[in-house]
Structures are given as C-alpha cells and as structure tokens.
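S.K.: Next up is a structure, given as structure tokens.
The values are calculated or read from the model by the stated rules, or taken from the named source; none is laboratory data. As the structure is a prediction and not an experimental result, all values here were calculated from the model. Note: ideal-geometry Cβ built from the backbone for every residue, glycine included; neighbour counts use all protein chains shown. Remember, those area values only see protein heavy atoms, side chains included, never the ligands or the DNA or RNA. Shrake-Rupley method; radii C 1.70, N 1.55, O 1.52, S 1.80 Å.
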Amino acid sequence: MTRKQKRLAVIAGGMGFIAAAVLLVLFAFSQSVAYFYMPADLAKSPVSAGTLIRLGGLVGEGSLVRGQGTQVQFSVTDGTDAIKVKYSGILPDLFREGQGVVTEGRFEQGSDVFVADSVLAKHDERYMPKEVADKLKADGVWKGEEAGQ
C-alpha cells in the first residue's frame, strides 16, 4: 500500500467510526423522547398504547383516590377533557386537587387509563409549566399572572 492509500484507509475508517457514533446517539435520543400533550390534544388525536408521553394539566377536583400503599388514581384535566391517571409511588408534597401537574408515562394496552412513571407538581404559588399555562389560558381555565412564573 502506498502512503496515499494508507491515508485514505485511515480517513475512511475514521468517517465510518464517526457515522456509527452518530447513529447510536440518534437511536438513543429517539428512544427517550417524550412528547407533551394536554387532555384535549389526546381527545383529538390519541396516541398508541406504550408510547412514552408527558401529560399535563390540572388535577381534577374530587378525583384523587388513594389505594393501598402508594397506589393513587386521579384525573388530569384542562377544563374540557379529563384523563384518568394511575400512579404507584410517593406524590410530591405540593400535589393536590386543582393544582398544575405534569405526568410522564404510557397508556395501558386496550384502555384509556394513563399509567404514570413520574408525577411533577408545581413548586410555588405562581409556578406552572409554560406549555400547560399557555394551553389553560387559551382555554380560559387558568388565570395565573404569567406563564412560566
């Protein structure tokens, strides 16, 4: 092999290595993406069971039901539609009915029940995730000062 052929072989090997690394990173990102939905969005275009999503809105008044241990059921609403949520775990201290919440999880197979892996609640009196606040303001449900505050 001449010097030129060796150089081309090294360059081609390096490019192949970089391409493989980029493909692995893209595959990893595609597996961890969780799109954000409100209950009204899901009523218009449901997602397939098993798809990881984030569901946001307000905890429905009178919907919180505590089961055995850390089992909890509640509904997430945006004022027009509501989604029943099941969660097994310790809820945040500030979690309560009528407050903003973002849950991450999947819909059960053959059911309209959302099984949450994690639940995030607002952390002070004015906080609301920007996407949730914008959607609730557009629907006339939430009357906060500013979104994301």
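S.K.: Long-range amide H contacts for Gln99: which residues qualify at under 5 Å (H placed 1.01 Å from N, peptide plane, sequence gap of 5 or more or a different chain)?
M.R.: Under 5 Å from the amide H of Gln99 lie the amide H atoms of Val59, each far enough along the sequence or on another chain.
S.K.: While we're looking at this one, here's another question. Just to make sure I understand: if all protein chains stay in place, what is the order of Ser30, Ser75 by accessible area at 1.4 Å, largest first? Don't jump to the answer; show the numbers that get you there.
M.R.: Details: Ser30 70, Ser75 25 Å².
Heavy-atom accessible area, descending, gives Ser30, Ser75.
S.K.: Just subtract the alpha-carbon distance of Leu8 and Glu61 from 0.36 nm times their residue separation and send over the number in nm, one decimal.
M.R.: Details: separation 53, 0.36 × 53 = 19.08 nm, distance 6.76 nm.
That works out to 12.3 nm of additional length.
S.K.: Rounded to whole Hz and in sequence order, give me ³J(HN,Hα) for the range 47-58 from the Karplus expression 6.51 cos²θ - 1.76 cosθ + 1.60, θ = phi - 60°, writing x for Gly and Pro.
M.R.: For the range 47-58, the Karplus-derived couplings read 9, 6, 4, x, 7, 6, 9, 10, 10, x, x, 10 Hz, x marking Gly and Pro.
S.K.: If a/c stays under 1.5 just call it rounded; otherwise compare a/b with b/c (prolate if a/b is bigger, oblate if not). Do that for the range 25-104, with a ≥ b ≥ c from the square roots of the Cα gyration tensor eigenvalues.
M.R.: On the way: a/c = 2.14, a/b = 1.41, b/c = 1.52.
Oblate shape, in that a/c is at least 1.5 and b/c is the bigger or equal ratio.
S.K.: Sticking with this structure for a sec: At a probe size of 1.4 Å, how large is the accessible area of Glu97, to the nearest 10 Å²?
M.R.: Result for Glu97: roughly 60 Å² accessible.
S.K.: With θ taken as phi - 60° and the coefficients 6.51, -1.76 and 1.60, list the Karplus ³J(HN,Hα) couplings across the range 13-26 in order, rounded to whole Hz; mark glycine and proline as x.
M.R.: In residue order, the calculated couplings are x, x, 5, x, 5, 5, 4, 5, 5, 5, 4, 5, 5, 4 Hz.
S.K.: Accessible area per residue for the chain in Å², computed with a 1.4 Å probe and the full protein assembly in place, what is it? Don't skip to the answer; put the middle values down first.
M.R.: Values: 9500 Å² over 149 residues.
About 64 Å² of surface per residue is accessible.
S.K.: Which ³J(HN,Hα) values in Hz, rounded to whole numbers, follow from the phi angles of the range 92-98 under the Karplus curve 6.51 cos²θ - 1.76 cosθ + 1.60, where θ = phi - 60° and Gly and Pro get x?
M.R.: x, 4, 8, 6, 6, 5, x
S.K.: Can you give the local net charge around Glu61? Use residues other than it whose beta-carbon is closer than 11 angstrom to its beta-carbon, Lys and Arg +1, Asp and Glu -1.
M.R.: Values: positive: Arg96; negative: Glu97.
Around Glu61, the charge tally is 0.
S.K.: If you don't mind, another one. Take Asp134, Asp93 and sort them by solvent-accessible surface of the protein heavy atoms, 1.4 Å probe, largest at the top.
M.R.: Of Asp134, Asp93, the descending order of accessible area is Asp93, Asp134.
S.K.: Also: So if R0 is 41 Å, what FRET efficiency would Lys84 and Phe29 give, r being the distance between their Cβ atoms, rounded to the nearest 0.05?
M.R.: Details: r = 30 Å, r/R0 = 0.74.
Efficiency at R0 = 41 Å is approximately 0.85.
S.K.: Would you kindly find the accessible area of Arg54, with a 1.4 Å probe and non-protein molecules such as ligands, DNA and RNA excluded, rounding to the nearest 10 Å²?
M.R.: Rounded to the nearest 10, that gives 100 Å².
S.K.: Could you tell me the accessible area of Lys4 in Å² (1.4 Å probe, neighbours in place), rounded to the nearest ten?
M.R.: It works out to around 140 Å².
S.K.: Sequence gap of 8 or more, or different chains, plus Cα separation below 30 Å: how many lysine pairs satisfy both in the chain?
M.R.: For the chain, the number of qualifying lysine pairs is 23.
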